[in-house]
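Notes to accompany the following structure.
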Amino acid sequence: MLASALTRTCEVRDLGAMRWGQASALQEQLVGQRQRTEIGDQLLLVEHPHVVTMGRNGHLTNVLASPEVLAATGIEYYETNRGGDVTYHGPGQLVGYPIVHLNEWKRDVHAYVRALEEVVIRTLADFGLVGERVTGATGVWVGEAKVCAIGVHLSRWVTSHGFALNVTTDLQYFQYIVPCGLSKPVTSLRQLGVAVTLDEVKPVLSRRFFEVYDYQ
């Protein structure tokens, strides 16, 4: 059946606060179920305790603190199978993990990532901010500062991992890494003067996600 003939739906799961390892295991389970068509597409929304994750293309030199310092600061560390370099997740950051079967949308990883950026750009616009892309650097920026990191993984055309949007994130924690391997500043909605909570951003972002990915 052609994708255009399908009635595509997506279930949003608000996981609240959850450790990265637990969320990763859940993603793996859901990816398997989606590959077997036991479930439809999913969008997991989650807030992680302090954690640094390394993408499969990352460089350890971009982690500026030793494992001992990270541990002493209460920051977990994981190596992952997503694309991209090193990033930080923590309280006040809205992390989204779409589990999407691209056979039913577009079999195009590049288009999928650009669409994720578009979701965030439209969400920022709803809060009065102008989000932009930077040539050669995946993610979303406001001015010279990155507000959202993106790193994805694909297995049999089912996506996992996703995006991390800084809402009220304590940006001091980025001092322990070179975010995404780029020596450029990071920012958050709060730093940009937008006083919103994660719970206020979630429904706006979900609506934009449905819109960009053509869900019914």
inquiry  = Being touching a Cys at 6+ places or on another chain (Cβ under 8 Å), closer than 30 Å to Glu68 by Cα and small (Gly, Ala, Ser): is that true of Ala137 here?
reply    = no
ask   = Which one is surrounded by the most Cβ atoms within 10 Å (Cβ to Cβ) among residues in segment 150-168 that are over 14 Å from the mean Cα position of the chain (by Cα) and touching a residue at least 60 places away in the same chain (Cβ under 8 Å)?
value = Val158
remark   = Pairing a residue in segment 106-130 that is in contact (Cβ under 8 Å) with a residue 12 or more places away in the chain with any residue that is surrounded by fewer than 17 Cβ atoms within 10 Å (Cβ to Cβ) and basic (Lys, Arg), where Cβ atoms lie under 6 Å and the two sit 6 or more apart in sequence or on different chains, gives Glu117/Arg133
remark   = Checked segment 111-141 for anything on the phi > 0 side of the Ramachandran plot and of a type in the set (D, E, K, R); matches are none
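How many residues are among the small types (Gly, Ala, Ser), surrounded by fewer than 20 Cβ atoms within 10 Å (Cβ to Cβ) and modelled with pLDDT under 90 when one looks only at segment 72-95? Even if it seems obvious, please write down each step before you answer.
In the first step, residues of segment 72-95 are kept if they are among the small types (Gly, Ala, Ser); the result is 72, 74, 83-84, 90, 92.
This time we only want the ones that are surrounded by fewer than 20 Cβ atoms within 10 Å (Cβ to Cβ), so: 72, 74, 83, 92.
Now drop any that are not modelled with pLDDT under 90, which leaves 83.
Selection size over segment 72-95: 1.
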request  = Just one of (1) of a type in the set (Gly, Ala, Ser); (2) out of contact with any Pro (no Cβ under 7 Å at 6 or more places or on another chain); (3) within 19 Å of Gly58 (Cα to Cα) trips up Gly162, so point out which.
outcome  = (2)
query = Could you give every pair whose Cβ atoms fall below 8 Å, whose first residue belongs to segment 19-44 and is closer than 26 Å to Val204 by Cβ and of a type in the set (Phe, Trp, Tyr), and whose second residue is exposed (fewer than 15 other Cβ atoms within 10 Å of the Cβ) and modelled with pLDDT under 95, counting only separations of at least 6 or pairs across chains?
reply = Trp20/Tyr78
task = For segment 109-172, please list each of the strands (runs of 3 or more DSSP E) lying entirely inside it that holds at least 1 residues being over 16 Å from Tyr97 (Cα atoms).
result = 132-134, 137-142, 145-155
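Looking at Thr187, Thr138, can you tell me which residue is in contact with a strand residue (DSSP E or B) (Cβ under 9 Å, 6 or more places away or on another chain), closer than 15 Å to Leu94 by Cα and without any contact (Cβ under 8 Å) to a residue 60 or more places away in the chain?
Working: Thr138 fails: closer than 15 Å to Leu94 by Cα.
Of Thr187, Thr138, the one residue that is in contact with a strand residue (DSSP E or B) (Cβ under 9 Å, 6 or more places away or on another chain), closer than 15 Å to Leu94 by Cα and without any contact (Cβ under 8 Å) to a residue 60 or more places away in the chain is Thr187.
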request  = Out of Tyr112, Tyr77, Tyr97, report the one residue that is closer than 20 Å to Cys148 by Cα and over 16 Å from the mean Cα position of the chain (by Cα).
outcome  = Tyr77
key: Which listed residue, of Gly83, Gly58, is touching a residue at least 60 places away in the same chain (Cβ under 8 Å) and either in a strand (DSSP E or B) or within 16 Å of the chain's Cα centre (by Cα) (or both)   = Gly83
request  = Starting from residues that are among the hydrophobic types (A, V, I, L, M, F, W, C) and part of a strand (DSSP E or B), keep the ones in segment 86-108 and report whichever is farthest from Gln172 (Cα to Cα).
outcome  = Ile99
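The values are calculated or read from the model by the stated rules, or taken from the named source; none is laboratory data. What you are looking at is a predicted structure, and each value in this text was computed from that prediction instead of being measured. Ideal geometry is used to build each Cβ from the backbone, glycine not excepted, and the neighbour counts take in all protein chains shown.
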